[in-house]
Amino acid sequence: MNKYELALVLNAKIEDDERAATVEKIKEMIAKFGGTVTNVDEWGKKRLAYEIQKMREGYYYFIQFEAVSSCPAEIEQRVRIMESVLRYLCVKQDA
C-alpha cells in the first residue's frame, strides 16, 4: 500500500453541510476503491492565488490515505466532475 495526499479546493459559496457531504463522499470513494483514510486536514477558507470561475476564495482540505496504485486515478476521475470542487491534486508521499 502506498501513501497519498489529496489536496482539494472547494467552492466557498456552498453551505457548510454540503461541503461536509462532499468531503464525506470523497472519503467513501477512497474506501470503495480499497484505500483507507488516515487523516483529514481542514485549512478553512483561504484567498486563492488567482481567480477561478470568478471566485477569489475557496475552502482547502488535505486528505491523507493509503491505497493501491490504481486508486488515485479512480478518485481523480470522479473528483474531476464534481461541481463543488474547484481544484484538486493527488500526490504520492515519500516513504
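The values are calculated or read from the model by the stated rules, or taken from the named source; none is laboratory data. Worth saying up front: this structure is predicted, and the values here are computed from it rather than measured. Quick reminder, even Gly has a Cβ in these numbers, built from the backbone with ideal geometry, and neighbours come from all protein chains shown. Note: areas computed on protein heavy atoms with side chains; ligands, DNA, RNA excluded. Shrake-Rupley method; radii C 1.70, N 1.55, O 1.52, S 1.80 Å.
Which residues, taken from the stretch 63-95, are small (G, A, S), open to solvent by less than 80 Å² (accessible area, probe 1.4 Å) and touching a residue at least 24 places away in the same chain (Cβ under 8 Å)? Give the derivation first.
Our first condition is that a residue be small (G, A, S); within the stretch 63-95, this holds for 67, 69-70, 73, 84, 95.
Adding the requirement that they be open to solvent by less than 80 Å² (accessible area, probe 1.4 Å) leaves 67, 70, 73, 84.
Correct list: A67, S70, S84.
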Pairs please, first residue from the stretch 1-30 and over 17 Å from E83 (Cβ atoms), second anywhere and open to solvent by 20 Å² or more (accessible area, probe 1.4 Å) and of a type in the set (V, I, T), Cβ atoms under 7 Å, 6+ apart in sequence or on different chains. M1/V68; Y4/V91; E5/V91; K27/V37; I30/V37
Could you tell me whether the stretch 52-62 includes any residue that is surrounded by fewer than 14 Cβ atoms within 10 Å (Cβ to Cβ) and under 14 Å from the mean Cα position of the chain (by Cα)? no
Test: I14 is hydrophobic (A, V, I, L, M, F, W, C) and surrounded by 13 or more Cβ atoms within 10 Å (Cβ to Cβ): yes
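Here's the yes/no breakdown for (1) at pLDDT 90 or above; (2) aromatic (F, W, Y); (3) part of a strand (DSSP E or B); (4) out of contact with any helix residue (DSSP H, G or I) (no Cβ under 8 Å at 6 or more places or on another chain):
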{"residue": "K13", "(1), (2), (3), (4)": "yes, no, no, yes"}
{"residue": "R19", "(1), (2), (3), (4)": "yes, no, no, yes"}
{"residue": "K25", "(1), (2), (3), (4)": "yes, no, no, yes"}
{"residue": "R47", "(1), (2), (3), (4)": "yes, no, yes, yes"}
{"residue": "M82", "(1), (2), (3), (4)": "yes, no, no, no"}
{"residue": "A95", "(1), (2), (3), (4)": "no, no, no, yes"}
